[in-house]
1. Taking N as the number of residues in segment 1-126, what is its Cα Rg relative to 2.2 N^0.38 Å?
2. Could you list which residues have their amide H under 5 Å from that of residue 16, counting only those 5 or more apart in sequence or on another chain, with H placed in the peptide plane?
3. Expressed as a whole percent, how much of the Cα-Cα distance distribution for segment 106-237 exceeds 22 Å?
4. So which GluC sites (Glu not before Pro) in segment 90-146 pass both tests, a DSSP loop state and at most 15 other Cβ atoms within 10 Å of the Cβ?
5. From the residues 49, 235, 247, which one has its Cα farthest along the dipole of the chain in the positive direction, the dipole being from +1 and -1 charges on Cβ of Lys/Arg and Asp/Glu about the Cα centre?
6. Counting other Cβ atoms within 10 Å, which trypsin sites (Lys or Arg not before Pro) in segment 308-367 have at most 13 and lie in a DSSP loop?
7. So for segment 120-255, averaging the separation of alpha carbon pairs under 8 Å that are six or more residues apart and normalising by length, what relative contact order in percent results?
8. Using θ = phi - 60° and the Karplus relation 6.51 cos²θ - 1.76 cosθ + 1.60, list the HN-Hα couplings for segment 45-51 in order, rounded to whole Hz, with x at every Gly or Pro.
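What follows is calculated from the coordinates using simple rules that are stated; it is not laboratory data. Note that the structure is a prediction, hence the values are computed from the model and not measured. Backbone-built Cβ (ideal geometry, glycine too); neighbour counts: all protein chains shown.
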Amino acid sequence: MTAVVISGAGLWTPPHAISNEELVDAYNAFADKYNQQHAEAIENGELEAKPKSSAEFIEKASGIKSRFAYVKDGILDIDRMRPAIPERGENELSNQAEIAIEAARKAMSAANKEACDIDAVIVSCAYTQRAYPAIAIEVQQELGIDGFGFDMLVACSAATFGMHRAYEMIKAGTAGCVLVINPELVSPQINYTDRDSHFIFGDVATAVILESADSASGEHQYEVMSTKALTKFSNNIRSSFGYMSRANDVDPYGPDKLFHQAGRKVFKDVCPLAAEHISEHLAAHQLTPADVKRWWLHQANINMNLLISKKLLGRDATADEAPIVLDRYANTASAGSVIAFALHHEDLGSGDYGILCSFGAGYSIGSLVVRKR
Ligand code: CO8
């Protein structure tokens, strides 16, 4: 059976960065104003006062120092607290297709692929900006790719699960070369007025090419040894935004319709699940964690990654073994492990093993064991 390789990766970084300090200043000014405006209701116990945020807390609790935004305007405006992104007409390129194409072109170039070499496009991410037509089909048309495309959503594990589908299509012979793109335009779903989650996320787009080893000519090729997926239902990370709000007669943008989580519970539940998942996946190849040269882990929280790698290795992983990108990028939903891969894969030697692994909302965990060719 044909070997499947990841033959190219692409990363598009938005033009605007927001530091912890900038974000916290805006949030705290918003909180002051809110508390003043609602002083009476807060005094009566009808409303809760907004607590202060702090840049030191954010860096210590999460490892995040900064994040990128597709559009910065509006996010720091205390009378708005959300990005100001003008709506595009139906005949214009959608925002998400635009950033998807930026990352896709870089992945195609790294893999030496033209549009005519690609058989399928998967757009997999935490949200799509519309229900249909699929963003993947728009990207397909814009890049001039024949074949087919579809969107899929699996929150934090969308990128790895999308790569899984590409791997299976290539193994089954229904496609020879697949473009998997993660346009994580998450800023519209962040509740910048919520102290506990306003700092967590940033925008980005990543892409990879998976193809049959027979057709691959990219400089850095990673054979996918196998894939492994796990899901387990949990409400601890949730966004209830959706098309039913209109019929439910509820505010479609209420706090429960935006990203919210019980962060501590997530931490406690997901770390052991992810460590067990990774160790089982490696064992299936008679590998131990010590045999893995590079860990491209989901980027939600530095303490989570340290704990997971410590559980597996019995010691702290070095920055070289398990690169961290969330200091600059923050949590980028499903794209974090792909950013880590895109920035830190070229130095591995032939025969070196690596593992890509995502973990988070769903809960969902997705991994790929790879070996450099
Ligand atoms: N500033 C100052 N203090 C704060 C702040 C803040 N911003 N936030 C909380 N505190 C305070 C709390 O009030 C609390 O005080 P006290 O002890 O007096 O009650 C104290 O700090 C500790 O609070 P927490 O217990 O909440 O803090 P933690 O140490 O647990 O850290 C984290 C919070 C960073 C959220 C941590 O729990 C975490 O990262 N958990 C893992 C979360 C995770 O992985 N989530 C997955 C995210 S989902 C995903 O990856 C993709 C989803 C889809 C994308 C959505 C895009 C919008």
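1. Its radius of gyration relative to the 2.2 N^0.38 Å reference: 1.55.
2. 69
3. Everything past 22 Å amounts to 41 percent.
4. When the GluC sites (Glu not before Pro) of segment 90-146 are filtered for loop state and at most 15 Cβ neighbours within 10 Å, 90, 92, 114 remain.
5. 235
6. Those that pass, being in a loop and sparsely packed, are 315.
7. Normalised by residue count, the contact order of segment 120-255 is 22 percent.
8. x, 7, 10, 9, 5, 7, x
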